[in-house]
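Shown next, in structure tokens, is the structure this report addresses.
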Amino acid sequence: MFERSSKRVELTQAGTALYSCAIEILKLHELAKRSVADLVELVTGELTIGASFTIGEYILPRVLAAFSKKFPEVKYSVTIGNTELIHERALEGSIDVGLVEGNIEDKQLAIQEFLGDEMVLIVSKQHPLAKNKYVTRDDLINETFIMREEGSGTRIASEEVLKEISLKPASVITLGSTQAIKEAVEAGLGMAQLSKWTLRKELKLGTLKVIRIKGLNKTRCFHLIRRQDRFESKACSEFGKYIMFVGNQEVLDWA
């Protein structure tokens, strides 16, 4: 099974073949357990969830807290990454369900809208434009924009806004997380466009100000994605129903 040398241990060709079979055996074992549990309508087992950053950091924790009260036997494993990563994980089957903020078109996936969102422009409370409720394209020509990395749903939505108003920022700073962007905006490094769901605490404390571009209302939808041919456990099915309910009713006080 193994080839050993003084420096390393490696699988032989036979070992590699056995390893692949063992992985499939473990998957079938888990599938069998889930199938039996579903037959008796038990909502148990582990639910693997992938979420893009905005959803994973600001929305999913509240959803899971409420869902856990209803189904306390379900255990969770959560992967957080940008929309591209969660799309890939859903395709390869390493997650049961994905929650993404970017638009996805893929015939291998079942895709459902579950929550509406608005992209808003934010500045520090000391910014010259902070007193304005609305701004125009001309007000933004010389501004520095702080954006997420390539592949992020938030980055894509921000670029769509800039394209819609035909604006090329004077300067762009790229940061890898929404929290880092908020901190940078608070410090006066520039302005940013973020989801309204990420700003609850800052707006309550008054450390950031929301301004809107006159004549433009940038909305988008968050999506629930699942591989079409993947076995769906009872826990996965109930989670899908629950998050659709949350989105349709907007019952959680996030805004």
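FYI, it's all coordinate maths here, none of it is from the lab. This structure is a prediction, so every number in the text was calculated from the model and none was measured. Every residue, glycine as well, gets a Cβ built from its backbone with ideal geometry; the counts of neighbours run over all protein chains shown.
So here's what we get for this one:
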quantity: 0 to 90° range, to nearest 10: angle between helix 13-39 axis and the chain longest Cα axis; calculated: 80
quantity: Label point distance in nm, residue 26-residue 133, each placed 7 Å from Cα along Cα→Cβ; calculated: 5.8
quantity: Antiparallel %, DSSP beta bridges [both residues in the chain], to 5; calculated: 55
quantity: Answer label for mean projected area of the Cα convex hull in nm² (calculated), chosen among (i) 13.8; (ii) 18.4; (iii) 12.6; calculated: (ii)
quantity: Pairwise centroid distance, computed over Cα atoms, of region 90-121 with region 124-139, Å; calculated: 33
quantity: The chain, helix-only ellipticity at 222 nm - DSSP H runs n ≥ 4, -39,500 (n - 2.57), divided by all residues, nearest 500; calculated: -12000 deg cm²/dmol
quantity: Acute angle (nearest 10 degrees) that the helix 60-70 long axis makes with the longest principal axis of the chain, alpha-carbon atoms; calculated: 50
quantity: Largest-first principal axis extents of the Cα set of region 117-220 (Å); calculated: 33, 29, 25
quantity: Contact order normalised by residue count of region 117-220, Cα under 8 Å, 6+ apart, percent; calculated: 51
quantity: Those GluC sites (Glu not before Pro) in region 1-100 that DSSP places in a loop and that have at most 11 other beta carbons within 10 Å; calculated: 41, 73
